[in-house]
Amino acid sequence: MKEQTFLEGFAVEDFQRDLIHWFEKEQRDLPWRKDNDPYKIWVSEIMLQQTKVDTVIPYFNKFIEQFPTLEALAEADEEEVLKAWEGLGYYSRIRNLHAAVKEVKEQYGGKVPDNPEQFSKLKGVGPYTTGAVLSIAYGIPEPAVDGNVMRVLSRIFLVWEDISKTGTRKLFEAIVRKIISKENPSYFNQALMELGALICAPRNPACLLCPVQAHCRAFHEGVQTELPVKTKKANVKQVAIAAAVLKDEHGKILIHKRDGAGLLANLWEFPNCEVIHSQENLERQLEKFLQEEYGAAVQLGNPFATLEHVFSHLVWNITVYDGKIIGDVAETEQLKLVDEQEIGLYAFPVSHQRIWQEYKKKETGG
Ligand code: SF4
């Protein structure tokens, strides 16, 4: 077994002791660590996959206040759930979590399964989430290997393999299965994550403060900043978008609900379309789109904002106009005219929340 070569001469018990001892002293006081409720740990792990701890805390508290139990989340409307997730991005993750808790409610009587095979079959649950939730909530010695943990382990074990390859992740999982504390897998996994967050940082690891420095091969060879090895991502696609905040003669604003599949499915947005810079001017392309798609004749003003929104695989460059709707627009399930005060009731993706903020700024001269 390949992991065996990395484990030769490695003092597993000393490592576990040093790592866990440090975690007991230094762990941060985080709301999802207050009890071992698997549902809350699950929510926190999904939130933490997309943003940092400090950002997650207020979202987590609000989310748990609104959906205090797995049943409460399972029974909630999708619209309400998406609204509570607003601002965190990656909406497919909350959709998957919502579907998965419904399944837990129906199939397992509302109890999060403690069996890795059952838990990992739930929607959106990969090996990392399985390891994190089951080790923390139930003390099951499953590896929880994400990018942070791979960075830490590639330094400790001097692994020069590319961490963007699946095989490398599997190697780390195999290593963790051998070194995880069977007495306290929860603290072991959390300590590795915490070490990656607080000490073994991507660019400047604080090796002098590191509790496992004595075990770290990269530190001993002075190559810690050269690890992990990671190939660069393929080029992200740039997409030009023109969007508009449009009012009708009663001051109502036109909003559109995205399709139920694909990127940002079922979220609301201001009318927009993809445009091509080299063709006729952007206003003309947007006007044509609004007429053809929504039957809306509009008079656009000047662009008042340009925003960039970065996804993992593409970048939206959005030019935003204001404008008036001339005549009537037929409202449908997916096209609504709403009062300004009602905008806050709909779940918008981050990019369109920013459009609204820019619009309000312009309106109030801020
Ligand atoms: Fe990371 Fe440095 Fe600690 Fe090694 S000694 S685990 S590189 S912080």
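The values are calculated or read from the model by the stated rules, or taken from the named source; none is laboratory data. For clarity, every value in this text was computed on a predicted model and none was experimentally measured. Glycine gets a Cβ as well: all are built from the backbone with ideal geometry, and neighbour counts include every protein chain shown. For the accessible areas, the whole protein counts, side chains as well, though only heavy atoms, and no ligand, DNA or RNA atoms are used. Shrake-Rupley method; radii C 1.70, N 1.55, O 1.52, S 1.80 Å.
Considering only protein heavy atoms and a probe of 1.4 Å, how much of the accessible area of the stretch 6-141 is carbon and sulfur, as a whole percent? Mind dumping the intermediate values first?
Details: 2920 of 6440 Å².
It is 45 percent, rounded to a whole number.
With a 1.4 Å probe and every protein chain left in place, work out the accessible area per residue of the chain in Å², rounded to a whole number. Provide the component values of the computation, followed by the final result.
Details: 18150 Å² over 366 residues.
Solvent-accessible surface per residue comes out at 50 Å².
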Next item on the list: Determine which aspartates and glutamates satisfy two conditions relative to LYS252: a Cα distance under 15 Å, and not lying fewer than 8 residues away in the same chain.
Entry: GLU269, ASP322, ASP328, GLU331, ASP339, GLU340, GLU342, GLU363
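Looking only at the chain, where both bridge partners belong to it, what percent of the DSSP beta bridges are antiparallel (to the nearest 5)? Let's see the in-between values first.
Working: 22 of 34 bridges.
Just about 65 percent of them are antiparallel.
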Check: Which whole-angstrom value gives the distance between the alpha carbon centres of the stretch 297-366 and the stretch 53-79?
Finding: 27
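What does the helix-only formula give at 222 nm for the chain: each DSSP H stretch with n ≥ 4 adding -39500 (n - 2.57), the total divided by the residues, and the result rounded to the nearest 500 deg cm²/dmol?
Details: 15 runs with 165 residues, N = 366.
Computed ellipticity for the chain at 222 nm equals -13500 deg cm²/dmol.
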Notebook entry, point to check: Quick one: what does P(r) look like for the chain with 20 Å bins over all Cα pairs, in whole %?
Noted result: 25, 46, 25, 3
Notebook entry, point to check: How much solvent-accessible surface does THR51 expose, in Å² to the nearest 10, with a 1.4 Å probe and all protein chains in place?
Noted result: 40
Notebook entry, point to check: What whole-number value in cubic angstrom gives the convex hull volume per residue for the C-alpha atoms of the stretch 291-345?
Noted result: 148
Check: Per residue, what volume in Å³ does the Cα convex hull of the stretch 1-127 take up?
Finding: 144
Check: Where is the GNM fluctuation largest for the chain (alpha-carbon springs, 10 angstrom cutoff): GLN291, GLN341, GLN238?
Finding: GLN341
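Test of the criteria: in the stretch 20-68, which trypsin sites (Lys or Arg not before Pro) are in a DSSP loop and have at most 16 other Cβ atoms within 10 angstrom of their Cβ? Could you put the intermediate results ahead of the total?
Working: sites: LYS25, ARG28, ARG33, LYS34, LYS40, LYS52, LYS62; in loops: ARG28, LYS34, LYS52.
Qualifying residues, ordered by number: ARG28, LYS34, LYS52.
Beyond 21 Å between alpha-carbons counts as too far, so tell me which of LYS83/LYS336; LYS182/LYS230; LYS52/LYS165; LYS52/LYS170 fall in that bin.
Values: LYS83/LYS336 17 Å; LYS182/LYS230 31 Å; LYS52/LYS165 24 Å; LYS52/LYS170 25 Å.
Correct reply: LYS182/LYS230; LYS52/LYS165; LYS52/LYS170.
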Margin query: At 1.4 Å probe size, with the rest of the protein present, what percent of the exposed accessible area of the stretch 237-364 is carbon and sulfur atoms?
Written below: 45
Next item on the list: Excluding residues on the same chain fewer than 8 positions from LYS111, give the lysines whose Cα lies under 23 Å from its Cα.
Entry: LYS34, LYS40, LYS62, LYS102, LYS121, LYS123
Next item on the list: Provide, in order from the shortest bin, the percent of all Cα-Cα pairs of the stretch 237-364 in each 10 Å bin, continuing until the bin that contains the maximum pair distance.
Entry: 12, 47, 36, 5
Check: If the cut-off is 18 Å between C-alpha atoms, which aspartates and glutamates fall inside it for LYS2, apart from same-chain ones fewer than 8 positions away?
Finding: GLU161, ASP162, GLU173
Margin query: Taking 10 °C and 1.306 mPa s as the conditions, I'd like the Stokes-Einstein D for the stretch 219-298 in µm²/s, using the Kirkwood hydrodynamic radius from alpha carbon pairs.
Written below: 97
